[in-house]
Amino acid sequence: MISSFFSKAKPIHIATICVLLLFVFIITKTNTLSEPLTFQLFFEQTLYFSFVLASLFLLDFLVSRNNLTKKNSYKILMFGLFITVLPETLCNTKILLANLFILLAFRRIISLRSQKEIKKKLFDSAFWISLAALLYFWASLFFILIFAAMILYSITGVKNWIVPFTGVIAVAVITMSLMMIFNIDFVAYLNDFWAYSFDFTGLNSKRIIIATTILISYGTWASFFFIKHIKNKAKTYRPSFVLVIISSLIGLLIIAVSPNKTGSEFLFLFAPLAIIMTNYLEVIEETWFKEVIVWVLVITPIIALVL
């Protein structure tokens, strides 16, 4: 049974999910790429897949390091299955890299709990989010997470509140310098940079509708239990769980305002949703019910393909 297999944290679990992601990546790229296979194309796609694997490993690391779940592999299982359910998340290279930067920032934000090297962590998190925003502007909404963390972790001092802005300025200066060196038109770059849209017709296909309905339904139901059990967590860890909820809400907001809704923007939601779903699976006592939840995610892509 899948839920029993992933109930412990073992290296074979990561290997299994890596193989699953590789299979989904190859199938997705085979169906979406039209150019002939060349060494350059192979190298580029291998690099893009490395972004996916890096995100998986980073999620596993930050969750385990900060005790956001118990010692199991459900979080990587959920992350892998979410991508399988909605493989469109693998199609936008910029979002793949932007999401990796957001996870790097989230790792630094969550680690503010220790109250050590606060300024360095604030700068790093703002720096990573700024890089993500260069690739996908609406990733900048994750700046909310930095200031929410400062409030939740009771980080005071004017200097601390100024530090995130220095991270933004650093990225802006480096970017503008590089654009001047390589003669990149700054105005053209900013054209439609912060465009937004509430038109969801891009998601109007049976397969995407089924996938998003299941993901949103799972996330909503699990979030009620997640929020309910926050009070049972150790006091020092409660702010971290609140940040996970805020992160998921930001992910939903990005989906709502995204100018080109293709399904790839859902990737920003997967990491916090995987944490929320893992915490929910941990409180379910009935093994058969866990199996049903997991198998629905496994079967959904198959049903979607048939339709």
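Highlighted here are the helices (runs of 4 or more DSSP H) found entirely within the range 126-239 that include at least 2 residues which are under 22 Å from Thr69 (Cα atoms): 143-152, 206-228.
Would you mind stating whether Leu243 is under 13 Å from Tyr218 (Cβ atoms), in a helix (DSSP H, G or I) and in contact (Cβ under 8 Å) with a residue 24 or more places away in the chain? Taking the combined requirement at face value, the residue does not satisfy it. Scanning the range 267-292 for residues that are among the aromatic types (Phe, Trp, Tyr) and either modelled with pLDDT under 90 or farther than 17 Å from Ser55 by Cα (or both) yields Tyr280, Trp288, Phe289.
Quick check, is Ala9 in a loop (DSSP other than H, G, I, E, B) and of a type in the set (A, V, I, L, M)? Criteria met by Ala9.
Between a residue in the range 68-79 that is within 21 Å of Ser111 (Cα to Cα) and in a helix (DSSP H, G or I) and any residue that is of a type in the set (Ser, Thr, Tyr) and at pLDDT 95 or above, which pairs come within a Cβ distance under 7 Å, given they are 6 or more apart or on different chains? Filtered contacts from the range 68-79: Lys75/Thr278. For Ala304, the stated conditions do not hold, so it cannot be described as modelled with pLDDT under 90, small (Gly, Ala, Ser) and not in a helix (DSSP H, G or I). For Lys116, the stated conditions hold: it is farther than 22 Å from Ser50 by Cα and part of a loop (DSSP other than H, G, I, E, B). Within the range 2-27, the set of residues being out of contact with any helix residue (DSSP H, G or I) (no Cβ under 8 Å at 6 or more places or on another chain) and hydrophobic (A, V, I, L, M, F, W, C) comprises Ile12, Ala15, Val19, Phe23, Ile26. When Phe82 is tested against the conditions (1) surrounded by fewer than 20 Cβ atoms within 10 Å (Cβ to Cβ); (2) on the phi < 0 side of the Ramachandran plot, the lone failure is (1).
Annotation note: Cβ proximity below 6 Å between a residue of the range 82-103 that is among the basic types (Lys, Arg) and a residue that is not in a helix (DSSP H, G or I) (sequence gap 6+ or interchain) occurs for Lys94/Tyr136.
The values are calculated or read from the model by the stated rules, or taken from the named source; none is laboratory data. Here the structure is a predicted model, which means the values were calculated and not measured. Reconstructed Cβ throughout: ideal geometry from the backbone, glycine too, with neighbour counts over all protein chains shown.
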